[in-house]
């Protein structure tokens, strides 16, 4: 795969070893990047006494294998002295993209490697004509919050990740079922109404995997979820639609699902059902952002 550029990484390294090479990633990078991903998240979570998003090397390597295999996800790998030390990913929709996970080997964190990785995917987004780039960061990570803000990202939504036992709830009048490809147009139309854009690629992927669900009111789709979990997103006309989708979920995958805390009514309902807060997070954007006009749950990307 082609090298993107060679960059000076600063005084954290001996002068003869200060050249960082960025290149596009490939499936052969999955194991090395997966190990770094696990170590990076373990390191930062230990510092803040939080649980890691990737508790095992196997989980991190499995994710990396899937990311490198997808044509709609652009990858950047950083090498120092011929060794992979970091990676980053840009999940490309039609007009909006999400960043993550960005992981840097613990031994070279707090240098300029993260900045170069973010800049590389922002450059890619500009070349692709994407009007907005978004990410979610752990609110306790002061360094990443400062870095993203310096690079031009704006804070858009305070979030919390929510976890707990599946609820097994059915809301009267809001039946939930698995989504099919026949639902794509209605779901995309709903997402367009709430966010100003649709997430067709993400939704198609979830339908193919059998994780996407829809909620109906009087036989009309009023909400959908690709999954209720870390990498899933959901939109609804009202909080009742999201309650139905959350109540019907058989599990909350990963670190749980992300909920905007400004939606106090839905947040309070989740807590009343016995669900718990795992950690605070922050949704940030670079470029355009229209405040959603309905109820929504973002993914760890946006």
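Coordinate-derived values only; no laboratory data. Since we're looking at a predicted model, the values are computed, not measured. Counting neighbours? That spans all protein chains shown, and the Cβs are built from the backbone with ideal geometry, glycine included.
Look at 253, 222, 103, 19 and count the other Cβ atoms within 10 Å of each Cβ; fewest to most, that gives 19, 253, 222, 103.
The fewest-to-most ranking of 251, 75 by surrounding Cβ atoms within 10 Å reads 251, 75. Reported to the nearest whole Å, the Cα centre-to-centre distance from segment 188-206 to segment 249-302 is 17. For the peptides 78-88, 123-133, the ranking by mean Cβ contacts within 10 Å, running from highest to lowest, is 78-88, 123-133. Based on DSSP H segments of at least four residues, each scored -39500 (n - 2.57), the chain has a per-residue ellipticity at 222 nm of -10000 deg cm²/dmol.
For segment 73-175, the equivalent ellipsoid derived from the Cα gyration tensor has semi-axes of 30, 18, 15 Å, listed largest first. Which shape class applies to segment 148-302: rounded if a/c is under 1.5, otherwise prolate when a/b exceeds b/c and oblate if not, where a ≥ b ≥ c are the square roots of the Cα gyration tensor eigenvalues? It is oblate, given that a/c is not under 1.5 and a/b is not larger than b/c.
Principal-axis analysis of the Cα atoms of the chain puts helix 200-209 at an angle of about 80° to the longest axis. The residues 91, 269, when put in order of fewest to most other Cβ atoms within 10 Å, stand as 269, 91. With axes computed from alpha carbons, what is the tilt in degrees of helix 184-195 against the longest principal axis of the chain, rounded to the nearest 10 within 0 to 90? For 184-195 against the chain, the angle is about 70 degrees. Mind pulling the angle between the C-alpha long axis of helix 239-248 and the longest principal axis of the chain? Nearest 10 degrees, somewhere in 0 to 90. So the inclination is approximately 80 degrees. Between the entries (i) 21.7; (ii) 19.8; (iii) 20.6, the label attached to Kirkwood radius over Cα pairs in Å calculated for this structure is (ii).
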